[in-house]
Amino acid sequence: RPRMRTDSLAFRLIAAASLWALVALLAAGFIITSLYRDSVERNFDERLNVYLKTLVGALAAQNPANLADPGNLGDQRFELPYSGWYWQVRRAGGGAVMLTSRSLFNDTLDAAKVNDPREIEGAVGGALVGPDNQSLRILSRTVELGQGNSYEVLVTGNARDMADDIARFRRSVILTLAVFAFGLIVATTTQILWGLRPLDRVRRGLSDLRS
């Protein structure tokens, strides 16, 4: 068998191949996780946009001077206390809060404090700190419900749900790539040792000649 000293050819080949394999797998894991995170965030924002449009539609069908509670928008989480899933309607320009989801209780949200704001289909999205320092993802827009009735309408989702989903996927990727890396290193080691067997016979022959 080929010698496996640290200065041997076999050790150098195995170390180099293993290093490149680990670097490639780490890069692949980072890229896959980043793509998945972008996809999850995009889907989360699209879900918030559906709730926002539902809320705006429910308000537009009412008398703008006497708005009524549109309910939970088809999602029970808007009724669970401090679930992170909230909606709110207030007068534009930081005016009085007119309506809120039951999940928000007596708290209010300030869309002006959104972090990393960006436009999403005519609305403003980003991150927001909610009640009890909750990490929220927000989508808000200003709508005109008749002359002189301008409202800031927003919905939020619990960003923890999204973060947990991404974390679970990251753990799965790490476990899968770790198993794949172990198998790849074993296969590379076996292939190199088998491929160097003729050289080992030559080495033994030269040693016999010197003897």
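The values are calculated or read from the model by the stated rules, or taken from the named source; none is laboratory data. In this text the structure is predicted, and so the values were computed from the model without any measurement. Ideal geometry is used to build each Cβ from the backbone, glycine not excepted, and the neighbour counts take in all protein chains shown. Protein only, heavy atoms only, side chains kept; ligands, DNA and RNA dropped before computing areas. Shrake-Rupley method; radii C 1.70, N 1.55, O 1.52, S 1.80 Å.
Backbone phi angles across region 63-75, fed through the Karplus curve with coefficients 6.51, -1.76 and 1.60 (θ = phi - 60°), yield HN-Hα couplings of 6, x, 8, 8, 6, 10, 4, x, x, 9, 6, x, 9 Hz in residue order; Gly and Pro are listed as x. Placing a label point 7 Å from the Cα of ALA163 along the Cα-to-Cβ direction, the residues of region 101-141 whose backbone N falls under 16 Å from that point are 115-116, 126-138. Restricting region 119-152 to GluC sites (Glu not before Pro) that sit in a DSSP loop and have at most 14 other Cβ atoms within 10 Å of their own Cβ leaves GLU121.
Restricting to Cα atoms and excluding each atom paired with itself, what does the Kirkwood estimate give for region 1-112 in Å? Intermediate values should be presented prior to the final figure.
Working: mean 1/r = 0.0533 Å⁻¹.
It is 18.8 Å.
Between the residues PHE78, TYR151, ALA127, the greatest Cα displacement towards the positive end of the dipole of the chain, with unit charges on the Cβ of Lys, Arg, Asp and Glu, is found for ALA127. What value, in deg cm²/dmol to 500, does the helix sum -39500 (n - 2.57) over DSSP H runs of n ≥ 4 give at 222 nm once divided by the residues of the chain? Roughly -18000 deg cm²/dmol at 222 nm, from the helical runs in the chain. Extents of the chain, taken as max minus min of Cα coordinates on every principal axis and listed largest first, are 106, 29, 25 Å.
Computed in the context of the full set of protein chains, the accessible area of the chain at 1.4 Å probe radius has 58% of its extent on carbon or sulfur.
Residues whose amide H lies under 5 Å from that of MET98, counting only those 5 or more places away or on a different chain, are VAL89, ARG90, ARG91; hydrogens are built 1.01 Å from N in the peptide plane. Using the 1.4 Å probe convention, the accessible area of the chain works out to 60 Å² per residue with neighbouring protein chains retained.
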